[in-house]
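Presented below is the structure to which this report refers.
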Amino acid sequence: MLTGLSAFEIAAKVRAKEVSCVEVAQAFIDRVGELDGQYGAFLRLAPEVTLEQAAAVQERVDRGEAGLLAGVPIALKDNISTLGIETTCASKILEGYVPPFNATVVEQILAADGVVLGKTNLDEFAMGASTETSAYQLTKNPWDTTRSPGGSSGGSAAAVAAELAPVALGSDTGGSIRQPASLCGIVGFKPTYGRTSRYGLIAFGSSLDQIGPLARNVEDAALLASVTSGKDPRDGTSLPNPPIDISSLKSRSLKGMKVAVPDEMFGDATSPEVQAVIEEAMKTLEAEGVVFTRVSIPSIKLGVTTYYIIAPAEASSNLGRFDGIRYGLRAEGKGHIDLVEKTRSAGFGKEVKTRIMIGTYALSAGYYDAYYVRAQQVRAIMQQEFAQVYQDYDFVLSPTSPITAFKIGELNQDPLALKLLDYCTIPANMGGMPGISINAGFAGGLPVGLQLLAAPLEDESVLQAAYAIEKALPGASGRPPMP
Ligand code: GLN
């Protein structure tokens, strides 16, 4: 079936003219229409846009000019701006907002002859780890539809796992690509901060946010990462480095690879069943020549606490632009202040309001030094500690998520437990490091993700290592039960 193919396979078939771009696009549109009622992965499709783009790509294919993503339909998290397609961040406050421009990543996808399939569900403004704070709908985990797909890129992860899209883009501020990838048994990659343009990504925590791919294998994730990276003059934090180069993706051997395993990400930090799967995978990799060394990175323990100062502080500033005047929802009010208050009161959900309040508090005159400045100091220490580790080791390995997919609603009453889900993923955002999650095996029939981190700008190496690890763990691939 067309919809079961990888992005690489689809592009190859399109280039070989075994199938047309329009047929591919239509197959995915039909499949989403048939099955997404069970998953709730997509907030919306835009079939007219998708088919028009597919027809335009086909003309280039016919002229022999097809790009790397020839005819590959791509699902986009709904915080990525799409020209002419409503973009809501799963928030009521952006209901009806149709961006007048494409995010740079969307332009890059179109330039590589990919096609936009639709917009996927997320936690409101990407704040959450279960996709349950979406103002519109719940998303279900394809491995067990009573369970959460994780979050905040839960819609993108569920779409790829259920083969509703070959690949997707998500965003990762504290783990939102890697954690849902882990819970849905797929690959999720967060590039080095600055390697992928944030232009057109609706901002949450600007010093932490990064767009990245979700895919069913490392090769597809690498392909999409290579297309969506490189210097962008429209993003002031974009790095001058060239796009991620995947030409040597398959060249790396596991033999002699030096991997640090931080004590702080095992033991109490992780459930016994997740730990058992990761340890089993480590044994297999050890037999292939990987050298594991236990290390201590003490600041890891402060990651979640520090993140929940910095991310809300930045969010409280970024979300100031939603005032009922410039975008989306506008409530009736007597005068300007009343209008803004009523719009925000009706438009933002509880989690978003909580974060704006925490962030505003942490940045206020009396508390700025006590909270925000100290959090930035801890962030600097964490960066130094990781830099030290990377002097002696190629990578840092850990579980991605401390637990497997949990029941929908199970963690709602326990905000701390929900926040601790990002314990292992947050350091990558704090340090701007590339990080990838790939499936390592199963516990109780649910996928368990393994995370690999590397020093900033080592995107190519981390993808190469993940590719080799994926090959060494064949038992870790699998498909969820599908109708
Ligand atoms: N779960 C974290 C949060 O709620 C991270 C979210 C993200 O990476 N966007 O903030």
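The values are calculated or read from the model by the stated rules, or taken from the named source; none is laboratory data. Bear in mind the structure is a predicted one, so any value in this text is a computation, not a measurement. Using ideal geometry, Cβ is built from the backbone for each residue, glycine included, and neighbour counts are taken over all protein chains shown.
Taking residues in the stretch 126-141 that are over 19 Å from Gly205 (Cβ atoms), and partners anywhere that are among the hydroxyl-bearing types (Ser, Thr, Tyr) and more than 15 Å from the ligand (Cβ to nearest atom), the pairs with Cβ atoms closer than 9 Å and at least 6 places apart or on different chains are Ala135/Thr88; Tyr136/Thr88; Thr139/Tyr39; Lys140/Tyr39; Lys140/Thr146; Asn141/Tyr39. Go over the candidates Leu319, Leu302, Leu285 one by one and state the one that is under 30 Å from Phe101 (Cα atoms) and assigned to a helix (DSSP H, G or I). Sole residue among the options that is under 30 Å from Phe101 (Cα atoms) and assigned to a helix (DSSP H, G or I): Leu319. So which residues in the stretch 201-252 are of a type in the set (Gly, Ala, Ser) and within 16 Å of the ligand (Cβ to nearest atom), if there are any at all? Selection gives Ala203, Gly205, Ser206, Ser207, Gly212. Within the stretch 371-430, take every residue that is β-branched (Val, Ile, Thr) and surrounded by fewer than 18 Cβ atoms within 10 Å (Cβ to Cβ) and give me the one that is farthest from Arg178 (Cα to Cα). Per the stated criteria, the residue is Val373. Among the residues that make up the stretch 66-88, is at least one of them more than 16 Å from the ligand (Cβ to nearest atom) and touching a Cys at 6+ places or on another chain (Cβ under 6 Å)? Checked the stretch 66-88: at least one residue is more than 16 Å from the ligand (Cβ to nearest atom) and touching a Cys at 6+ places or on another chain (Cβ under 6 Å). Just one of (1) within 13 Å of the ligand (Cβ to nearest atom); (2) over 20 Å from Ser207 (Cβ atoms); (3) assigned to a helix (DSSP H, G or I) fails for Gln179. It is (2).
Put simply, of Lys353, Lys407 the only residue that is over 30 Å from Asp459 (Cα atoms), in contact with a Lys or Arg (Cβ under 9 Å, 6 or more places away or on another chain) and within 16 Å of the ligand (Cβ to nearest atom) is Lys353. Residues in the stretch 429-472 that are part of a helix (DSSP H, G or I) and in contact with a helix residue (DSSP H, G or I) (Cβ under 8 Å, 6 or more places away or on another chain): Asn429, Met430, Asp459, Leu463, Ala466, Tyr467, Ile469, Glu470, Ala472.
For first residues located in the stretch 166-190 and under 19 Å from Tyr467 (Cβ atoms) and among the hydroxyl-bearing types (Ser, Thr, Tyr), partners that are away from the ligand (no atom under 12 Å from the Cβ) and modelled with pLDDT of 95 or more and lie 6+ apart or on another chain with Cβ distances below 6 Å form the pairs Ser182/Thr400; Ser182/Ser437; Ser182/Gly449. Confirm whether Arg321 is modelled with pLDDT of 95 or more, among the basic types (Lys, Arg) and within 16 Å of the ligand (Cβ to nearest atom). Judged against the criteria, Arg321 is not a match.
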